[in-house]
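Comments concern the structure below.
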4 protein chains.
Amino acid sequence: MNFSSDNTAPVAPEILEAIVRVNEGFAPGYGADEWTSAVERRFSEIFEREVAVFLVPTGTAANALALAHVTPPWGVVLCHADSHIATDECGAPEFFGAGLKLVGLAGDGGKIAPDTLAAALKGYGEHRPHQMVASALSITQASEAGTVYRLDEIAALCAIAHDRSLAVHMDGARFANAVAALGCRPADVTWRAGVDILSFGGTKNGCFGAEAVVVFDKARAASFLYRRQRAGHTFSKMRFLSAQLDAYVNKGLWLELARHSNAMMRRLANGLARVPDIELHHMPRANLAFVNFPNAIWRALEKAGFTFYHWGNAHWHTARLVTAFSTDPADVDRFVAAARAASSGRKPKRPMAFLPRF
Amino acid sequence: MNFSSDNTAPVAPEILEAIVRVNEGFAPGYGADEWTSAVERRFSEIFEREVAVFLVPTGTAANALALAHVTPPWGVVLCHADSHIATDECGAPEFFGAGLKLVGLAGDGGKIAPDTLAAALKGYGEHRPHQMVASALSITQASEAGTVYRLDEIAALCAIAHDRSLAVHMDGARFANAVAALGCRPADVTWRAGVDILSFGGTKNGCFGAEAVVVFDKARAASFLYRRQRAGHTFSKMRFLSAQLDAYVNKGLWLELARHSNAMMRRLANGLARVPDIELHHMPRANLAFVNFPNAIWRALEKAGFTFYHWGNAHWHTARLVTAFSTDPADVDRFVAAARAASSGRKPKRPMAFLPRF
Amino acid sequence: MNFSSDNTAPVAPEILEAIVRVNEGFAPGYGADEWTSAVERRFSEIFEREVAVFLVPTGTAANALALAHVTPPWGVVLCHADSHIATDECGAPEFFGAGLKLVGLAGDGGKIAPDTLAAALKGYGEHRPHQMVASALSITQASEAGTVYRLDEIAALCAIAHDRSLAVHMDGARFANAVAALGCRPADVTWRAGVDILSFGGTKNGCFGAEAVVVFDKARAASFLYRRQRAGHTFSKMRFLSAQLDAYVNKGLWLELARHSNAMMRRLANGLARVPDIELHHMPRANLAFVNFPNAIWRALEKAGFTFYHWGNAHWHTARLVTAFSTDPADVDRFVAAARAASSGRKPKRPMAFLPRF
Amino acid sequence: MNFSSDNTAPVAPEILEAIVRVNEGFAPGYGADEWTSAVERRFSEIFEREVAVFLVPTGTAANALALAHVTPPWGVVLCHADSHIATDECGAPEFFGAGLKLVGLAGDGGKIAPDTLAAALKGYGEHRPHQMVASALSITQASEAGTVYRLDEIAALCAIAHDRSLAVHMDGARFANAVAALGCRPADVTWRAGVDILSFGGTKNGCFGAEAVVVFDKARAASFLYRRQRAGHTFSKMRFLSAQLDAYVNKGLWLELARHSNAMMRRLANGLARVPDIELHHMPRANLAFVNFPNAIWRALEKAGFTFYHWGNAHWHTARLVTAFSTDPADVDRFVAAARAASSGRKPKRPMAFLPRF
C-alpha cells in the first residue's frame, strides 16, 4: 500500500509488451531505427506541429538538458522555490548549464503567479554585467504540489517571460496528469500558450525510464543531439526507449493512465477532507497532495502498512501522498478508513502551518 | 545480417524475462529496492572483494562519471588515440570532468604498450602549474580493435601508472568478451592487476541499457552518488536496471553470451583469413575485427545485404565487423562465402594501409 | 566628489611608488621572484602562522577560486542574500565551482545571524543525493552594508558551520576596514575564530588590482596553483602584484588607509544622522552606508556634483555611499551641508522602507 | 643577462609613466572611464574598422575567453601541438569552454601548414554526434617557435577554416613582434586575412599585465562582457589596464619595442649561426629561437650567468632563447662571445634531433 511516489509503481503492461515486441533481431543504433522515427512522428501529431523530439532515460536529464539548451552559463532560470529542478536534482541544471543559476520564487500551491514573475523580473537588467541575465522561466505542470496551471495562467506567464526575452521551459514530469486534469489539447497547454521547450514525462506514469524533450521550434533544436550525446543520455539501443514512449502515447494510453491516477488522488483527497483533524494543503487536481495530520493518525497509518514521505515534529506530521496508474481503489479506501478511525473527531485548535519538508 | 555493432543486437531472453519478472507492484525508488541490493552483493562476489557499484544506463555515462571521479579538472587522462572515450563520446569525459584533457597514445591493435605509457609520462610533471597533471590512465578491455590485454600487460601498465600516482580506469564496455577470451577471474584482470575503477558493460552483450561503475576501493566511492544524481543518471525505477544486471551475471550468463559472440567472430575471422585479398588488421580475440578488402568484395557484401561500418577510397575498403551474443553462425558462414565468391583469388600487390576511420 | 565606490579611487602613492621601484631589470616570472616570496612571508607574519598565499588581480577571482577550492560541484555555499558573490559576480562562483549553488540567507545589516545559519542547515542532509550538500559558509567582512561582524559572531558562525563539516570562507574585499574598525589582530578575526580561507582585498583600499587568497591550513592549499593557472589569474610579471601587496601591508599602511576611509564614513554618517529627513539603514562601522532621503535631497546632491549609486521611486531615494582612503574631509563636509540645506527640517511621516536595489 | 622569457622583462618607461599619469583622483569603475573609451577608439583606428575590444590582465585569460566565445562545449579547436594554449595554460581553454577539446596538429617551426589543416578536417563531420565538432582554428602569431606566418599563409588557413564553418582565433601574445617583422598593417594580418578574434598581447612587450581580446565583427561580441565578468577578469580600476594599452599603442610604441626585441634576436641568431656546433631549429623572425648545442657550451653560458629555459641529455642541450624590448645589445654580444669561446670549432657529427621540451 504504497503512496510514496509514482516512481515506485511498476511498468504498465502495454508498455512492457511493447518492449518485448520490439526485441526482435538487429536494429540500427542511436535512434536510426524505425520505432524512433515513428515516435518522433507521433509527437508531431500529438502537438499538432512539427516538433523536434529527443528521448532520454530520466526526468532529471530531460530538465537539465532542456534548461542548458535555452540558458547561457551567465543566465538565471526563474522557477518555483519548491520545484524539482531546484530541490531534487542535485544541481543537474547548474552542471549541464555550465554554472547557470536557479532563482526560486514563492508561490501558493507550487505555482508561480504572474505578478510574482513580473516583480522578480523587475530586479534584472540594470546591473549588467555584474548581475546574471534572466534567461528562462521554468514551470512545472502538473506542479510538485499536485496543482495544475490553467491555460490562461500559462499564457500570462509566457507573455511576461517573452516580453523580457526569456525562454519558457515546462517540466512535464507529470504532464499527462495535467492534460488529463484540464481535458485540454497538449498543444494548448504548451506552445500555443507560449511554452518553448517541454520535458515530457513517461517514467512516473507507467514507463520504465523514458522521457522526451520536445523543442517546439525545430530551428532551435540543432545542437541538442550533441548535448545529449556528451551527457551520456543517448541510448545505443534506442528502440527500447522509443517503444516505451510509442506505446505510452498510442491510442491515448498516457491519458488513460493519468486519469486513473488522478481519480485515485481525488478519491483519496475527498475521503481525507472529511476527516476533521486532517488538513489538505491544496485540493489536488493531479496525482499528489500534501496533507497535515496529528501524530496519532500518522502512527495509525504507518502501523497499517501505508508508506509515504513525511516530515514532522512532536505533534503534527506533513505527508506527501502520491497515487499512480496502478493504485488500487481498495487501497485508497483503506487509507481513508484508517485515517478516519484514528481521528480525534475534532478540528485542530490552531490552523496548521506548512511543515518544512527537510 | 547485421555486423554493424553489438549495440544493434536485441536483449537476451533471460534478461528480458528478468525485467518482466521484476515488474510486480510497487518498489522503493532510486536503488533502495531489494534487487539493487542483490546486484550489489553479486558484484562483490564476482570480484571477490567488497566493491562499490553504481548502475547507469549507458557506457558513455559509466566512462565519463568514472573518469571525472578519479581526475581533477586540471588532470590529463592518458588513453589510446582510438579509444571510445576519445573518439565517440562527443566530449563526455571533458564535460563530466569540468574540462579535463584526454591525451591519445598510439598503440598497435588498440592497445597501449607499457613503454609507450612510460615514454608519455616522461613529459609530465616538470612544468607545473603551466602543464596539466597526468592523473589517470584509461585502457579498454576488450579493446576497440577487438584485441585483449593480457594480465601481465595490464599489471605492467598499472605499475607504471601507480608509480606516478595515476588512477587506472578500465573501459569494460566489452569486459565480458575479454574475460571470456582470457578465461581468467574478473578480479585478476581488474583490481588484482591494479585497476582502480571499471566501467562494466552490459548493453553490448545482451542488456537493454545497463552498465555498472565498479569502484574497487569502497573508501574512494563516497561522492559518486552525487555525481550520478546530478548527471541525471540515477534511475528512479532502478529495479529495472538492477534486474538486467542481476540476470546478466546470474549463473554466468554474461560469459556464456560473450563466449558465443567471441566464437562467432573467430569463425568469421578464420573464414576471412583464408580469402586471399582480405587482410585482417589483427586476429581478433573478442567480438570485433577490422579488415581491408578490395571494393569488389565490399560491393558484393553490400549487395548480399550485410551491414557494417566501412570507410574507403576508390580501391579499398576498411570494414569494422562486430558479432553479438545473438549472431547466427549461418550468417557468419554466408558472409565468408559471399566474400570468397567475390574474391579475385590473388593477394593484393601492395600491403594495405590502415584506412582512416573518418 | 565621488562617493560611488572605493573602486573609483586612485592608487595610494606608497603603492604606486612600490610598482615603480620594482620595475628594475629582469625578474623571474610567475611568482618565482623575490618580491613574491617576501609578500608570502609577510602574510605569515600578519596572520601569526604559516599560511599559503595566492595573489590574484581581482576580488571576484579571489572569491570564486576560494569557494571552488572548498566546495564540490554538488555543494551549496550559504551566504547572505545581498552578498557580492551572490549579486555582483555574474555567476563566477558557479562557473569556477563547476555548477555549485549559492543559497542566500536573509540577515539584518548584511550580516548572517548564527540562528539563521543554524535554521538553514536544518534543511540539509536528509534528502541525499537528491539535494545538494551544504559545503561552505561565506561571510563578508566588512559586510556589503558597511557593518562589521564581531569576533564572537564569527566564532559562533564558524562553530555551527564546522559542526556540519562546512568550510568557512571570508570575503575580505574590505578586510582592512573591518580590522581597523575592530582594532583586532588579523588572526583573531580569521583562523582563530574558525575561518578556513580568506579573500584578502587590496584593490578597494589603495591597490591597483591586487588581492590575495589566504589558505590558513597550508596542507589544504596543494592544488590551488592549478586552479589559478587555468583560470588565467597567474600573472607572469607577478612582481607587480607582489609589490602592491607588499607595500600595502608594509608598516601597517593597509590599516592606516582603512582607518581614514572608515573615519570619513563616520564623519559622513554622523553628519547625515542629524538631518531630520535622512534615515541611515545602519550606523556604519566600515566605509560604506545605505541611506534613505526624500527626492529633494537627492536632486540637490546631484546638482551639487556628488556621485553615488542610488535607487528610487517618485518620493524617496536610497543611496549607497562609499568613502575611500583618498576621500577628502572637505568633500564629506560639503556633502552633509548640501543635504542639510535641502532638508525639509521634519522627520518623514512614515518610516521609510528599504528600497530594492535593482 | 636574462634570455628566459619576455615575461621576465620590466615595464616600458612610457607605460609606467602612463600608469602614474592616470592615477589622478576618482574615476568610474569597470571600464566606464574615459581612458577605456579612448583605448577602444584607438583599436578601431589600428585595425581600420569598428572592433569590439575587451581588456584583460593575462594572455591565458585572453585566449581562453576568446576560444570559449567562438566554440561550443562540444567543439574542437585545432591548434599547433606545441601552442601555448595546448601546453602552458593548464587547461584554461577546456575550463572556460566547458569541456571543449584541443586537437594538436604537427607543423614545422610552430606553424600549421594549410595542407595539414585540410587533412585534419577530413576526419570531421561524418560521425556526428559521436564525434565532437570542428569549430575553431587557433594560430599563434608570432609562433611559439619564433617564426611568423606570412599573410598568404594566414589567408590560406582562414579560407580552409571558414569553408568548414570554423572560426579563426589568433593568439597574438607576440602580435607586435609579428607585425614588426612583417612590416604589414595590423588589419592585413588579421581580419583582412580572415581572422575572427584576436588575443592582442601587451604583457610580453612592455606592459605590466594587459591584453586585449579584439572581436572583429562587433555583432558577435554581445555576450563577451558576461564571460569576462564571471571569469573575474573585469578590472574594477580598469583605467590602469587601459592606460597601459593606450600608451602601448600610442605613436607606434608597441612596434618600436617589438622592433628592438626582434633586432636583438636577429643579432643573437646571426651570431650563434656562425658557431659551428650550434644549430638553430629555425631562423627566427620574431624575438625567440630554439637552439641545440653541446653541453660544453651550455655549461659555459650558465657559468657566465646567462639564464634561459633548457632541456637536455648527457650530450646535448636545447635552449629556448628570448629577447625583450629591454634586452641590451651588449648582453647579446656577450652571449655570442661566450658561446663561441666554448665551441669545439667543429660541426657535430650527426644532425641533432629536436629535444622534447619536457
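Springs join every pair of Cα atoms under 10 Å in this Gaussian network model of chain C, and among C:Thr307, C:Thr323, C:Thr58 the largest mean-square fluctuation is at C:Thr307. Taking amide hydrogens as placed 1.01 Å from N in the peptide plane, the amide H of B:Thr140 sits under 5 Å from those of B:Asp171, each at least 5 positions away in sequence or on another chain. With Cα atoms defining each centre, the range D:226-294 and the range D:1-41 are spaced 17 Å apart in the structure.
What you get for chain D, charging only the Cβ of Lys and Arg (+1) and of Asp and Glu (-1), is a dipole of about 800 debye around the Cα centre. Ordering A:Trp254, A:Gly194, A:Met238 by Cα displacement along the dipole of the range A:177-263 toward the positive end leaves A:Met238 in first place; charges were set at the Cβ atoms of Lys, Arg (+1) and Asp, Glu (-1). Once backbone amide H atoms are built at 1.01 Å from N, C:Gly75 has C:Lys101, C:Val133 as its partners under 5 Å, excluding neighbours fewer than 5 places away on the same chain. Each copy carries a label point for D:Ala113 at 7 Å from Cα along the beta-carbon vector; from one copy to the others these points are 2.7, 7.2, 7.4 nm apart, nearest first.
Computed 3J(HN,Hα) for the range B:123-135, one whole-Hz value per residue from the Karplus formula 6.51 cos²θ - 1.76 cosθ + 1.60 where θ = phi - 60°, is x, 10, x, 9, 10, 6, x, 5, 8, 5, 9, 5, 10, glycine and proline marked x.
The mean sequence distance of close C-alpha pairs (under 8 Å, at least 6 residues apart), as a share of the length of chain D, puts its relative contact order at 22 percent.
For the range A:78-182, the residue among A:Ala86, A:Ala118, A:Ala176 whose Cα projects farthest onto the positive side of the dipole built from Cβ charges is A:Ala118. Given the protein assembly as shown, what percent of its DSSP beta bridges are antiparallel, to the nearest 5? That works out to approximately 55 percent antiparallel. Per residue, the average separation of C-alpha pairs within less than 8 Å and at least 6 apart gives the range B:246-358 a relative contact order of 32 percent.
Taking amide H as placed 1.01 Å from N in the peptide plane, A:His80 has its amide H under 5 Å from the amide H of A:Leu105, each at least 5 places away in sequence or on another chain. Which of rounded, prolate, oblate describes the protein assembly as shown, given a ≥ b ≥ c as roots of the alpha-carbon gyration tensor eigenvalues and a/c under 1.5 marking rounded, otherwise prolate only if a/b is larger than b/c? Oblate shape, in that a/c is at least 1.5 and b/c is the bigger or equal ratio. If you plug the beta carbon distance of D:Asp115 and D:Ala219 into 1/(1 + (r/R0)^6) with R0 = 30 Å, you get a FRET efficiency near 0.40. Look at the alpha carbon pairs under 8 Å that are at least 6 residues apart: their mean separation over the length of the range B:100-161 gives a relative contact order of 39 percent. Projected label points at C:Asp188 and C:Arg274, each 7 Å from Cα along the beta carbon direction, are separated by 3.2 nanometres. Within chain B, DSSP assigns beta bridges of which about 55% are antiparallel (rounded to the nearest 5). Is the range C:25-142 best put as rounded, prolate or oblate by its Cα gyration tensor, with a ≥ b ≥ c the root eigenvalues, rounded for a/c under 1.5, and otherwise prolate when a/b is larger than b/c, oblate when not? Prolate. Would you please classify the overall shape of the range C:23-65 from the alpha carbon gyration tensor, given that a ≥ b ≥ c denote the square roots of the eigenvalues, rounded means a/c under 1.5, and beyond that prolate means a/b larger than b/c while oblate covers the rest? Because a/c hits 1.5 or more and a/b fails to exceed b/c, the range C:23-65 counts as oblate.
Take each residue in D:50-60, count the other chain C-beta atoms within 10 Å of its C-beta, and the mean is 3.
Charge dipole of the range A:254-329 (Cα centre as origin; +1 on each Lys and Arg Cβ, -1 on each Asp and Glu Cβ, all else neutral): 100 debye, rounded to the nearest 20.
What separates the B:Gly125 label point from its copies, with the point 7 Å along Cα to Cβ, is 4.1, 4.3, 5.7 nm, written shortest first. Of the beta bridges in the range B:61-177, as assigned by DSSP with both residues counted there, near 0 percent are antiparallel.
Rounded to the nearest 20, the Cβ-based charge dipole of the range B:140-230 about its Cα centre (Lys and Arg +1, Asp and Glu -1) stands at 360 debye. Of the residues C:Ala155, C:Ala66, C:Val133, the one whose Cα sits farthest toward the positive end of the charge dipole of the range C:30-157, with +1 on the Cβ of Lys and Arg and -1 on the Cβ of Asp and Glu, is C:Val133. Could you please state, rounded to a whole Å, how far the C-alpha centre of the range D:53-89 is from the C-alpha centre of the range A:125-173? Using only Cα atoms to place each centre, the spacing works out to 34 Å. Annotation for A:Thr307 and B:Asp333: the two label points, set 7 Å from Cα along the Cα-Cβ direction, are 5.2 nm apart.
When the C-alpha to C-alpha distance is required to be over 18 Å, the pairs from B:Lys303/D:Lys122; A:Lys237/B:Lys204; C:Lys237/D:Lys204; A:Lys204/B:Lys237; B:Lys237/C:Lys122 that qualify are B:Lys303/D:Lys122; B:Lys237/C:Lys122. Mean per-residue shielding of peptide C:207-217 is 2, counting Cβ atoms of other chains within 10 Å of each Cβ.
Counting Cβ atoms of other protein chains within 10 Å of each Cβ in B:129-141 and taking the mean gives 4.
With a 10 Å cut-off between alpha carbons and a GNM built on chain C, which of C:Gly305, C:Gly99, C:Gly59 moves the most? The residue that fluctuates most here is C:Gly305.
The numbers here are math on the coordinates, done by the rules we state, and not lab data. Quantities reported herein were computed from a predicted structural model and do not represent experimental measurements. We place every Cβ from the backbone using ideal geometry, glycine too, and count neighbours over all the protein chains shown.
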